[in-house]
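The values are calculated or read from the model by the stated rules, or taken from the named source; none is laboratory data. These numbers were taken from a predicted model, which means no experiment stands behind them. Cβ: placed from backbone, ideal geometry, glycine included. Neighbour counts: every protein chain shown. Just so you know, the surface numbers come from the protein's heavy atoms only, side chains and all, with ligands and any DNA or RNA stripped out. Shrake-Rupley method; radii C 1.70, N 1.55, O 1.52, S 1.80 Å.
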Amino acid sequence: TVKEETAKRDGAVSFKKLSSSSKPEIYEMIELYKHHLNQGRLDDEIYFNLGLCYLHLKLFDLAIRYFQKCLELAPDQPDYHYYLSLAKIRNRRPFTLMPNDIREVETYLSSALELDPEDGKYIILSIVLKYDYYHLNGLSVRGPLIGELIERLASKKIDHYEIKRMQEMVPVADPKLI
């Protein structure tokens, strides 16, 4: 069908595409991806695209489920770890996360950074977590210090659409932080 051909041609769901899509259009994309899964296509990218759609809709349990599934199939993909960490934040301020939650988010984020140390969005989210959770809660910062991360960020690639998504997904005390 035309929809299937469009989905194949367009490839991965992008933040830009999701931002310009209505809820019914996003649900249509979800149905198309589920159709592919029902036909027996166990493809990490299909699970990833489903996770992105549900993350955009702020249906965090479903987003987490699909990001975990794509990680099972392709654990070497840094974005899968990153988006799972975003979904696990569940649109809450890092300041309010429980210690076990923040550790889990940091574990996935750390994996993303190890797999692709050049992507600035992983470093930015790490800075946000360290500042909004550790610093504002008066706790010692674990791992690299915020200043070290900021220095590392200077030479990294930054996708501004991804930063916008992060701003929508991770509320912070100081919006200028992201």
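So the values come out like this:
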| quantity | calculated |
| --- | --- |
| Cβ crowding within 10 Å averaged over residues, with 60-72, 32-44 ranked highest first | 60-72, 32-44 |
| The range 45-68-the range 103-178 distance, computed between alpha-carbon centres (Å) | 21 |
| Translational D in µm²/s for the chain (Stokes-Einstein at 10 °C, 1.306 mPa s, Kirkwood Rh from C-alpha pairs) | 94 |
| Residues whose placed amide H lies under 5 Å from that of Ala74, excluding near-sequence neighbours | none |
| Helical segments meeting 30 Å axial Cα length and Kyte-Doolittle 1.6 threshold in the chain (DSSP H) | none |
| Portion, in percent, of the accessible area of the chain that falls on carbon or sulfur, probe 1.4 Å | 52 |
| Mean residue ellipticity (222 nm) of the chain, computed from DSSP H runs ≥ 4 via -39,500 (n - 2.57), nearest 500 | -19500 deg cm²/dmol |
